[in-house]
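None of the figures in this text is laboratory data; all of them are computed from the coordinates on show. Keep in mind that what you see is a predicted model, and the values were worked out from it rather than measured. For neighbour counting, all protein chains shown are included, and Cβ atoms are generated from backbone atoms with ideal geometry for every residue, glycine included.
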Amino acid sequence: MNKQELRQVCQNGRIIWVRATARFAERGNERYSLLLVCEDVTEAHNLTEQIAYQASHDALTGLANRAEFDKAVTQALSQAHVDNSEHALCYLDLDQFKVVNDTCGHIAGDELLRQLGDVLKKQLRRHDFIARLGGDEFGVLMYDCLLNEAQLACEQIRDVIRDFHFAWEDRSFTIGVSIGVSSINNTSSNAVNLLKEADAACYAAKDKGRNRVHVYRPDDKELAMRHGEMQWVTKIQHGLEHDRFCLYGQPIVPINDQLDEGLHFEVLVRYRDENGGIIPPGAFLPAAERYNLASAMDRWVIRHLFEWIAQKPGFLNQLSLCSINLSGLSLTDETMLAFIFEQFNIWGIPTHKICFEITETAAITNLSHATTFIHCLREKHCLFSLDDFGSGLSSFAYLKNLPVDFLKIDGLFVKDILDDKVDLAMVKSINEVGHIMGKKTIAEFVENQQIFELLAELGVDYAQGYGISQPVPLDNLTLIRPFRQPSLAQD
């Protein structure tokens, strides 16, 4: 018995698929006949083809999907290793696409993606491969294409998209595209790394102002930093899930020795690696900010800090104020306020003993959200501190609109006030304006006794820095007196 599917063209031109089953039937005296049974399986065949097509194509644009693109990159890499050919992998991320989605809705956004899919196909050579990778991201595989040729081709694509006008109802939009390019050659390791390289180059294009092309090169320091950040994303996620972070505290002391306050400190976060080593925040916070993990880290810190305070007998009695850093992402997180109120209720922490600290840059960037956020928590008697004050170009102008209790003078001014008259003038003016507006001032980067004494002459209220105390695990926090006491760290 033999079975086979056959493509048949009917007299009217219609194409059908037939499953033909044939077998010999013996009729005696060594005579045989052929029995042929035909079944119309056109509907099942078309359904199978449709399912296969949907599995390999993007439903919205009709382009290949991410899975097919990954296969094509892997095949191109294998070819490069066999015949020393060179191809180019291009990662495209639209700029300003969110504006269309937010102002006109997702239907308009979908239509824009469909139209751009057609525009991109027309810009490529016939044998090049294009796919929609997801969201507003596209991938292009340029076969037998040197890196400089791919860069020129991508610049042409960028110009075409820049000149493209999308009309929706009575509005017209222009968008841009950031493109990252990496080379596929016989030295390339694997498809995953190639995609990471192109993705990192694309992000570098965005960082440099968007609507541009950036080529990945192994000696690119900027991309090496980006790659390091991307590796931290997985570590941060793992750390949040498995509590690999740990909390430190750095004391903040009153400069006026007449003030008799309890323990005042800023809580800081560290990462504990697999070997027990403690990694400072400068290694992972940039990645958390860039890849939208900062708000999740803020939640981890608040929850674990409140739990630690609640389970530390007698600690609240000696605690004057604890300062907690909040990222700019947390200011725009609509669920953050509810989370903070919930944690206060769960652990029974007095709200007046918590000060939330936000950077001047984050506050100015999200001014309306920051103002609302601050007002809501201050109504519950929480305090607020504005960090890195003086780093912005319009610091004093914005200060009137931010109801904060403390100004933390940017440490870059403080650390050189003994030798730099401009830095000294900046610290003096920030302190005076802060006091006029009813706010207390905190000087960061107080590294020695001489700086401390000069700050006392200027009338600054508080000091923080390695000259007072290095950050220590929360369990090691102790009450530190002003510099006139022997507990101050000396040069």
*Taking the convex hull of the Cα atoms, report for segment 346-407 its projected area averaged over all directions, in nm².*
4.3 nm²
*Most exposed first by the Cβ proxy, i.e. fewest other Cβ within 10 Å, how do 70, 110, 388 rank?*
110, 70, 388
*Using the Karplus curve 6.51 cos²θ - 1.76 cosθ + 1.60 with θ = phi - 60°, work out ³J(HN,Hα) for each residue of segment 291-299 in order, rounded to whole Hz, and write x for Gly and Pro.*
10, 6, 10, 5, 5, 5, 5, 4, 4
*asked:* With +1 on the Cβ of every Lys and Arg and -1 on the Cβ of every Asp and Glu, and nothing else charged, how large is the dipole of segment 46-171 about its Cα centre, in debye rounded to the nearest 20?
replied: 160 debye
*Charged-residue dipole, Cβ positions (Lys, Arg, Asp, Glu), the chain about Cα centre, Debye nearest 20*: 1140 debye
_Could you work out the percent of alpha carbon pairs in segment 57-218 separated by over 26 Å, rounded to a whole number?_
23 percent
*How big is the Kirkwood radius of segment 230-476, worked out from every pair of different alpha carbons and given in Å to one decimal?*
18.7 Å
_Multiplying the sequence separation of residue 238 and residue 111 by 0.36 nm and subtracting their Cα-Cα distance, what value in nm do you get?_
41.9 nm
*Between 0 and 90°, nearest 10: helix 42-56 axis offset from the chain longest Cα axis*: 30 degrees
*How large, in Å, is the chain by the Kirkwood hydrodynamic radius built from its alpha-carbon pairs?*
27.7 Å
*asked:* Out of all DSSP beta bridges in the chain, what portion is antiparallel? Express it as a percent rounded to 5.
replied: 65 percent
_Listed residue pairs exceeding 18 Å between alpha carbons, taken from 400/439; 408/439; 408/428; 312/353; 312/408; 98/206_ = 312/408
